[in-house]
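First up is the structure itself, then whatever we jot down about it.
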Amino acid sequence: MIPARTDKIGWFHIVKGWIIERSGRLLNFLGLVIIFGLWFWLSNTGWVPPLYLPSPQAVYRCFIQYSADMPMHIADSMYRIIVGFAIGSALGILMGLPIGWSKVLGRIFEPVVEFIRPMPPLALIPLFILWFGIGNSSKLILISFGCWVILVVNTIESVRNIDPLYINAARSLGAKGFQIFRTVLIPAIIPGIMGGIRVAAATSFGMNVAAEFMGTRAGFGYLIIEGRRFVMTDLLLVGVFLITIFSILVNWLLKLTESHFTRWVPRKDL
Amino acid sequence: MGNTGGQEVLLTVENLTKEFLTTHGIIEAIKDVNLRIYKSELACVIGPSGCGKSTILSMIGGISKPTSGKILLEGKRLTGPSPDIGIVFQKYAAFPWMTVEQNVEYGPRMRGLSKSERRAITEKYVGLVNLKGYEHLYPKELSGGMSKRVDIARAYANNPRILLMDEPFGALDDLTKKKMQEELLKIWSLENKTIFFVTHDLEEAAFLADRVIIMGRNPNTIIKDVPVEFGRPRQAELRTKPEFVAFKKYLSEVMGNDTGENG
């Protein structure tokens with residue numbers, strides 16, 4: 001027989017429990033606090049000159065100083081990122097579905113995809129500028145292209161991973177062609193492609209800034225280039241942090257969407 | 001009572017053969033199988049693993065194609081999956097992205113039935129398999145036995161002419177398995193649907209069937225067709241009765257005679 005526990009729960013246990021319960025969260029912040037503390041300390045003691053590392057306050061002041069222009073820069077970049085990401089991802093999924101589903105189409109188009117896949121999108125920037133000019137369209141096409149590659153590969157893989165059991169079950173219940181597509185294929189690949197969608201979104205920010213370096217009148221990349229040109233390291237960092245913050249924001253939104261669409265997915269840790 | 005005698009034939013399997021081409025040559029998964037399933041009966045096919053019993057089921061279900069021979073449902077040749085043939089698979093096959101309710105109403109929805117018609121059907125079959133109150137759960141939230149109930153309800157809700165069950169309770173623990181067998185008999189007696197049940201479990205076959213069809217190996221074909229005489233409704237007590245134990249022994253002897261050479 002197991003003896004009943006008789007020790008009382010005192011304040012010590014409560015505090016201990018509180019710390020254990022939240023230690024994960026506290027640790028999550030620890031690394032960030034250290035990095036920011038280090039930055040704050042190095043820049044404010046003057047050990048590192050502001051040219052190389054302006055202080056956090058200086059970066060903030062710079063942002064406030066140019067705050068009137070910020071909506072324009074944010075809107076310009078975010079427009080390219082969102083539109084390019086949406087078009088590229090949608091095309092990737094739409095093309096990945098038939099290539100993954102049909103054996104014949106798979107045979108024909110998979111080598112093409114495998115050939116395009118290793119091409120670094122950034123290496124194609126000069127070509128896209130040559131073909132589509134220096135304006136918005138070549139940047140949009142670059143971002144779309146990068147997202148397309150990620151999603152087409154991801155979708156082909158996800159379609160092939162569908163358990164034939166579900167297709168057979170649907171068929172034996174009378175589902176045909178498009179019904180199977182809509183009720184089995186699409187829901188079954190969602191968990192698989194959500195990862196690809198988030199990778200594509202994150203990559204879009206990088207491709208956008210690289211495209212902006214080739215010439216733009218506004219955007220995150222413009223702030224960075226101007227910061228370098230006028231040796232305003234604080235402005236340069238404003239550009240970098242804007243990208244970071246918006247990338248985190250987009251990733252967070254996508255995660256929310258993902259958890260909504262994958263409520264049904266069995267988790268291993270449950 | 002066994003309801004085989006003088007009954008109308010529902011499904012006919014004629015000279016069914018399935019060959020697989022492998023690197024070692026042609027393997028005959030099944031050879032010259034002839035079979036009749038009568039309306040409303042519960043027929044069990046048993047046999048050692050690798051005898052091709054599941055292969056027959058998947059060909060009747062239209063999932064795989066026979067090399068030769070034909071399958072007729074009420075005289076009409078079957079060539080692929082059909083809503084007339086319901087299947088309860090060995091694996092858990094409820095769509096994980098749909099709730100219990102959405103799974104059960106899947107067949108009727110594909111047929112384009114209205115929402116109210118679907119609701120009536122779903123309510124009936126969810127009730128029949130004792131899943132009332134669980135309609136809005138996803139399969140991941142269900143136990144193995146409950147998932148199997150969803151599979152059964154979904155197959156019944158589509159109102160097929162015949163239900164194929166491919167070792168449906170094979171993955172369940174012994175206690176749950178026996179409970180599911182008893183519940184299946186109850187549903188079967190209420191719904192009057194023909195069931196073609198494949199298993200390697202002699203007790204399961206003896207407990208459920210009107211007729212046990214025994215398959216052997218080399219060649220992989222039917223070696224005996226045994227009527228099961230135990231009365232209905234059958235209760236759990238039947239399992240321990242001497243005549244039941246004797247019948248199980250008899251089945252095992254028939255199978256053993258054939259498989260002796262293979263171990």
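The values are calculated or read from the model by the stated rules, or taken from the named source; none is laboratory data. Keep in mind it's a predicted model, so treat the numbers as computed, not measured. Quick reminder, even Gly has a Cβ in these numbers, built from the backbone with ideal geometry, and neighbours come from all protein chains shown. Keep in mind that these areas ignore ligands, DNA and RNA; they rest on the heavy atoms of the full protein, side chains included. Shrake-Rupley method; radii C 1.70, N 1.55, O 1.52, S 1.80 Å.
Figures for the structure shown
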{"read-out": "Helix-derived mean residue ellipticity, 222 nm - over the protein assembly as shown, DSSP H n ≥ 4, -39500 (n - 2.57), to 500", "value": "-18000 deg cm²/dmol"}
{"read-out": "Cut-off 16 Å (backbone N to label point 7 Å along Cα→Cβ of B:Arg111), residues of the range B:67-99", "value": "B:82-87"}
{"read-out": "Isotropic mean projected area of the C-alpha convex hull, chain B (nm²)", "value": "14.9 nm²"}
{"read-out": "The range B:51-203 - convex hull of alpha carbons, volume per residue in Å³", "value": "123 Å³"}
{"read-out": "Hits among lysines - C-alpha to C-alpha of B:Lys76 under 16 Å, sequence gap 8 or more where chains match", "value": "B:Lys39"}
{"read-out": "Per-residue average of Cβ from other chains inside 10 Å of A:161-170", "value": "5"}
{"read-out": "Pairwise burial A:B, computed as accessible area of each alone minus the pair, summed, 1.4 Å, Å²", "value": "2100 Å²"}
{"read-out": "B:Leu21/B:Lys91 FRET efficiency (R0 35 Å; Cβ-Cβ; nearest 0.05)", "value": "0.85"}
{"read-out": "R0 of 25 Å, Cβ-Cβ distance A:Val112-A:Ala90: FRET efficiency to nearest 0.05", "value": "0.85"}
{"read-out": "Amide H within-cut-off set for B:Ile30, under 5 Å, with H built and near neighbours excluded", "value": "B:Lys18"}
{"read-out": "Computed lengthening from B:Val9 to B:Ala171, 0.36 nm per intervening residue step minus Cα-Cα distance", "value": "55.2 nm"}
{"read-out": "Å² of accessible area per residue within chain A, as computed with a 1.4 Å probe and no ligands counted", "value": "61 Å²"}
{"read-out": "About the Cα centre, charge dipole magnitude for chain B (Lys/Arg +1, Asp/Glu -1 at Cβ), debye", "value": "640 debye"}
{"read-out": "Three-way shape call for chain A based on the alpha-carbon gyration tensor, with the a/c threshold at 1.5", "value": "oblate"}
{"read-out": "Exercise: per-residue mean of other protein chain Cβ atoms within 10 Å, A:173-181", "value": "5"}
{"read-out": "J(HN,Hα) series, the range B:9-18, from Karplus relation 6.51 cos²θ - 1.76 cosθ + 1.60, nearest Hz, glycine and proline x", "value": "7, 9, 10, 10, 10, 10, 6, 6, 9, 10"}
{"read-out": "Built amide H within the under 5 Å cut-off of B:Val45, gap 5+", "value": "B:Phe197, B:Val198, B:Thr199, B:Ile213"}
{"read-out": "Shape call, the protein assembly as shown: gyration tensor on alpha carbons, a/c limit 1.5", "value": "prolate"}
{"read-out": "R0 of 35 Å, Cβ-Cβ distance A:Trp41-A:Ser259: FRET efficiency to nearest 0.05", "value": "0.40"}
{"read-out": "Cβ-based charge dipole, the protein assembly as shown, positive-most Cα from B:Leu72, A:Gln65, A:Leu26", "value": "A:Gln65"}
{"read-out": "Degrees, to the nearest 10: B:144-157 long Cα axis against longest axis of chain B", "value": "80 degrees"}
{"read-out": "Spatially proximal lysines relative to B:Lys177 (Cα-Cα < 17 Å; intrachain offsets below 8 disregarded)", "value": "B:Lys91, B:Lys148, B:Lys186"}
{"read-out": "Cα centroid separation, the range A:254-268 to the range A:158-220 (Å)", "value": "14 Å"}
{"read-out": "Accessible carbon and sulfur surface of the protein assembly as shown relative to its total accessible area, %, 1.4 Å", "value": "62 percent"}
{"read-out": "Difference of contour (0.36 nm per residue) and Cα-Cα distance, A:Trp131 to A:Gln57", "value": "22.3 nm"}
{"read-out": "Average beta-carbon neighbours from other chains, 10 Å sphere, peptide A:105-112", "value": "0"}
{"read-out": "Helix runs (DSSP H) in chain A reaching 30 Å along axis by Cα, Kyte-Doolittle at least -1.0", "value": "A:11-44, A:70-101, A:136-160, A:186-213, A:233-261"}
